[in-house]
Each structure stands twice: as structure tokens, then as C-alpha cells.
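Inspection log for the structure reproduced underneath, given as C-alpha cells.
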Amino acid sequence: MFISDNLSVNEEGHLTVSGADTVELAEKYGTPLYVMDENLLRENCRSFKSSIDKYYGGNGLVCFASKAFCCKAMCRLALEEGIGLDVASIGELYTALSVGFSPEKLCFHGNNKTDEEIRYALESRIGHIVVDNVYELNRLNELAEESGIVANIMYRIKPGIDAHTHSFIMTGQIDSKFGFALETGEAYEAVKKALSLKNIRLVGLHCHIGSQIFDIDPFVKAAEVMLDFIAKIKDELGYETEQLDLGGGFGIRYTDEDNPVGYDKYMERVSARVKEICREKNLKQPFILIEPGRSIAGPAGLTLYKAGGKKTIPNIRTYVSIDGGMGDNPRYALYQSKYDAVVANKAGLERTETITLAGKCCETGDLIGEGMKIQPVEVGDIIAVLATGAYNYSMSSNYNRIPKPAVVFVNGDSSRVVVKRETLEDIVRNDVE
Ligand SMILES: *Cc1c(COP(=O)(O)O)cnc(C)c1O
């Protein structure tokens with residue numbers, strides 16, 4: 001009936017998440033409200049983790065891509081689940097360290113890390129830094145020298161696989177701002193360079209081929225391309241890297257049109273192929289990292305809004321306006337991402353209306369979805385937009401000076417605020433005059 005098994009309808013006809021009544025949550029905490037199912041977050045961490053245990057002898061690490069959903073409570077949850085974190089800015093790194101995250105389980109990404117970020121990462125003794133380009137490599141070497149540290153690094157490699165859609169293509173020269181190209185020899189030269197630098201230790205190679213990918217083939221192909229490169233480095237330079245990071249990008253269900261595969265299927269296929277290639281090419285089996293972001297946080301979240309207006313434009317469409325919008329969920333405005341919405345207080349009814357769900361910001365493009373099939377809506381109803389756990393709170397802004405919603409974790413009957421709703425004072429807190 002709903003896109004995710006943790007959602008249901010209770011006797012009052014209200015939508016429930018992890019057994020909690022969403023209408024009661026909206027009354028208790030106000031709207032708009034981000035709601036995260038804590039059990040599902042944990043379950044998702046565990047299924048990736050156990051897939052490495054089951055198919056790859058535990059010789060790897062899940063690093064949650066914190067940009068998908070970063071706050072102290074999430075970092076703490078990842079810590080408790082024994083997984084690592086991928087951070088891509090000083091703010092994400094700070095958040096992780098502020099809950100006592102084990103620094104060796106952190107990796108730092110980004111295509112333009114500042115000196116401040118590099119110094120902070122080095123001083124915090126994080127596991128490794130994923131280096132994006134030679135400028136960064138040289139700068140990192142200098143800053144590591146200053147701090148008297150040898151920096152563990154990986155290289156971000158462009159494996160020449162484009163998997164942004166339901167299928168994938170191998171491109172000759174992939175056009176991306178991230179990483180080193182393989183086919184031009186850029187990556188190979190960079191490896192030589194890293195091996196010559198005193199304060200750098202190359203521990204592995206990294207790639208990340210896209211996001212919301214449903215097909216397993218591109219991941220297998222990426223592993224093949226990366227292992228070929230590892231073998232080339234070993235043969236020609238006599239150096240064998242120990243780790244292989246295959247990134248994230250595993251697809252989730254936003255609407256009925258999406259059919260994700262089970263999370264353990266990736267490691268099942270990838271592990272088998274990695275083991276095979278390592279045998280053929282006489283390589284050690286690398287320690288494998290994966291970086292799921294969306295697939296851990298996305299399905300666990302939903303956003304509750306209150307409907308404040310309804311406008312039917314004859315023969316065109318019906319707009320329903322909510323008390324949030326692109327400030328708390330910019331994904332439709334950014335990429336026309338599709339979402340499913342439910343009238344939370346009438347969740348048991350049939351979806352007889354087709355609406356455009358509009359936000360309250362001063363932008364025509366401030367929509368959450370168009371052509372959405374939904375139960376009959378009236379002003380005052382609570383609307384739940386589903387699968388908003390990733391790239392919503394983390395992408396939120398204060399456009400129109402709208403305070404950001406609170407984030408609540410639910411766990412069966414209990415719920416708690418993990419991020420407070422912003423106040424009007426918060427809105428002006430940095431205005432100095
Ligand atoms: C964004 C990102 C991820 C996570 O991607 P998802 O699609 O959310 O799984 C992982 N690794 C890197 C380097 C990323 O930039």
C-alpha cells in the first residue's frame with residue numbers, strides 16, 4: 001500500500017511510521033517536521049555491514065556518506081552501529097568528531113579542500129583523505145610536513161563509467177569535476193608522484209560512479225576497472241595498494257516506479273568478481289569500502305506538512321500549498337525528483353485526487369511534486385511526503401528566512417527531538433547590525 005514496509009495505517013486511518021501515528025507527531029512537534037525511523041536507519045546500516053561480512057569475510061568497511069543526512073544523532077547512530085563516515089567538509093567532520101567518532105573510521109572527500117580543512121583533518125588523525133587533484137596532493141604533502149604527519153590518502157579515480165540513469169555507459173573521457181582520469185594517464189602519473197612524496201602514504205583508490213543507481217553491473221564494471229589499475233600499478237611500479245573504495249549510489253524507492261534491489265546484492269556480486277580478478281591477476285584481496293548515503297537515510301525519513309491552501313485552476317491543475325517547500329526539500333526544484341505524498345490523517349482512503357504540491361517560497365519552481373496521486377485533500381490536513389530522509393535536511397536552507405524544521409527520531413512508540421526547530425532568534429543570530 002505504501003512505498004516502504006515501515007509505513008502503515010492505524011484504526012483512526014492515520015499514517016504510521018514504525019508504529020507511531022504521524023498525525024500525533026505533527027500535533028506534538030509542529031509542522032513542517034522531519035521524521036526519521038531510527039530502527040530503519042539501523043537496519044539499513046546493518047544490512048550493508050552484514051553484506052561485507054557475509055560475502056567478503058568482513059574485510060571491508062561501510063562508510064555512511066554523511067552529506068545525505070548529517071547531525072550529531074546520526075553520527076552517533078553510525079558510531080553505535082560500528083560503521084565509518086565519509087565527510088566532505090569541515091562542518092561534517094566537526095559534527096562527527098563532536099560525538100566522539102573514531103577518527104580512523106573517517107574519510108574526507110571533496111574536490112577543493114581548504115588549508116583549514118586539511119589541517120583539521122590531519123590534526124584529528126582521520127583514517128584517510130581522498131585526494132582529488134595534484135594541487136591538493138602537493139598542498140597536503142606540505143601541510144603534513146608542517147604537522148610532522150604522514151597523511152594516508154586514496155585517490156579519487158574517474159573510472160569512465162557513467163551510471164546516472166537506470167543503465168550505464170562507458171565513456172572515453174568522462175566529463176566530471178571530480179578526480180583523476182584513467183585513460184589520459186593522469187591517474188597513473190599521480191600515483192607515481194604520490195609514491196615519491198615523503199609525507200604521503202597511498203593506501204588505496206576510490207571511485208564513486210553516481211547516485212540512485214538500480215543496476216548492479218556498473219558497480220561490478222567499476223570494480224573491474226579499478227582492479228585493472230591496481231594490477232598495472234603493481235606490475236609497473238612495484239606498489240600494491242591495500243584498499244579499494246567503491247563509493248555509494250545505491251538506488252532507493254521514491255515512488256512505485258523505482259525498484260531497488262536488496263542492499264546485500266551489491267556486495268554479493270562485487271565480492272565474487274573482486275575475488276575472481278584477484279586470483280587471475282595474483283593480487284591481494286583489497287580491503288573494500290562502500291559509501292552508501294541515500295540508501296541508508298532516504299527510506300527512513302518522511303516530512304510532515306500542513307496544507308494551508310488549495311487552488312483549482314480549471315482544466316489545468318490543482319495546487320495544494322504546504323507550510324514548507326524548497327527550503328526544507330529543494331530536490332524537486334533542483335532535479336525534478338519524484339516523491340510520493342499521503343494525506344496522513346486520511347491515509348486509509350483511496351487516492352482520488354491529482355495535485356501539484358507547492359511550497360510557500362517566493363519561487364514559481366518551489367514545488368515538491370506535480371501530478372501527484374493523493375487522497376482527497378482539504379486545508380488543515382497533514383501531508384506526509386515520503387522517503388525524504390536523505391538530501392532534505394542536509395540540503396535545507398533559510399530561503400525567505402523560514403526557520404528550518406525540527407528532526408525527530410521515532411522508535412516504535414517513543415519519539416524524541418534530535419535537532420531543534422529553528423527559532424526566529426536563530427534567524428537573526430549572525431546579523432551584526
Ligand atoms: C554523494 C557521495 C556518496 C553517497 O552517494 P549516495 O547516492 O547517497 O549513496 C558516496 N561517496 C561519495 C564520494 C559521494 O560524493
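The values are calculated or read from the model by the stated rules, or taken from the named source; none is laboratory data. Quick caveat: nothing in here was measured; it's all calculated off a predicted structure. Quick reminder, even Gly has a Cβ in these numbers, built from the backbone with ideal geometry, and neighbours come from all protein chains shown.
Considering Lys284, Lys338, the condition of being at pLDDT 95 or above and farther than 29 Å from Leu61 by Cβ is satisfied by Lys338 alone. I'd like to check something: does segment 141-157 contain any residue that is among the aromatic types (Phe, Trp, Tyr), over 21 Å from Glu189 (Cβ atoms) and either touching an Asp or Glu at 6+ places or on another chain (Cβ under 7 Å) or part of a strand (DSSP E or B) (or both)? Scanning segment 141-157 turns up no residue that is among the aromatic types (Phe, Trp, Tyr), over 21 Å from Glu189 (Cβ atoms) and either touching an Asp or Glu at 6+ places or on another chain (Cβ under 7 Å) or part of a strand (DSSP E or B) (or both). Quick one: in segment 381-430, of everything that is among the β-branched types (Val, Ile, Thr) and buried (at least 20 other Cβ atoms within 10 Å of the Cβ), which residue is nearest to Cys362 (Cα to Cα)? Across segment 381-430, the extreme among qualifying residues is Ile402. Would you mind stating whether Glu433 is over 23 Å from Leu7 (Cα atoms), surrounded by fewer than 17 Cβ atoms within 10 Å (Cβ to Cβ) and not assigned by TED's automatic domain parsing to the domain that holds Arg351? Yes; evaluated as a whole, the condition is true for this residue. For segment 347-405, a residue qualifies if it is under 20 Å from Arg253 (Cα atoms), outside any strand (DSSP E or B), touching a residue at least 40 places away in the same chain (Cβ under 8 Å) and not small (Gly, Ala, Ser), and the qualifying residues are Thr388, Tyr391, Asn392, Tyr393, Met395.
Each residue in segment 301-345 was checked for being buried (at least 21 other Cβ atoms within 10 Å of the Cβ) and of a type in the set (Lys, Arg), and 0 pass. For the structure I just gave you, tell me whether Asn282 is more than 27 Å from the chain's Cα centre (by Cα) and surrounded by fewer than 19 Cβ atoms within 10 Å (Cβ to Cβ). Yes; evaluated as a whole, the condition is true for this residue. Applying the criterion of at least 1 residues that are within 16 Å of the ligand (Cβ to nearest atom) to the strands (runs of 3 or more DSSP E) found wholly in segment 1-106 leaves 33-37, 60-65, 84-87.
Can you tell me which residue within segment 245-254, out of those that are in contact with a Phe, Trp or Tyr (Cβ under 7 Å, 6 or more places away or on another chain) and part of a loop (DSSP other than H, G, I, E, B), is surrounded by the most Cβ atoms within 10 Å (Cβ to Cβ)?
At the first step, the residues of segment 245-254 found to be in contact with a Phe, Trp or Tyr (Cβ under 7 Å, 6 or more places away or on another chain) are 246, 250-251, 254.
Next, only the ones that are part of a loop (DSSP other than H, G, I, E, B) stay: 246, 251, 254.
Working: Leu246: 26, Gly251: 19, Tyr254: 23.
So the residue we want is Leu246.
For segment 267-294, what are the residues that are assigned to a helix (DSSP H, G or I) and within 11 Å of the ligand (Cβ to nearest atom)? Outline the logic, then answer.
Kept after step one, since they are assigned to a helix (DSSP H, G or I), are these residues of segment 267-294: 267-281, 294.
Once the filter is applied, which keeps residues that are assigned to a helix (DSSP H, G or I) and within 11 Å of the ligand (Cβ to nearest atom), segment 267-294 yields only Arg294.
Test Tyr135 against the stated conditions and say whether it is under 26 Å from Glu183 (Cβ atoms) and surrounded by fewer than 17 Cβ atoms within 10 Å (Cβ to Cβ). Taking the combined requirement at face value, the residue satisfies it.
Within segment 178-206, being modelled with pLDDT of 95 or more, in a loop (DSSP other than H, G, I, E, B) and either within 16 Å of the ligand (Cβ to nearest atom) or surrounded by fewer than 14 Cβ atoms within 10 Å (Cβ to Cβ) (or both) holds for one residue alone: Lys198.
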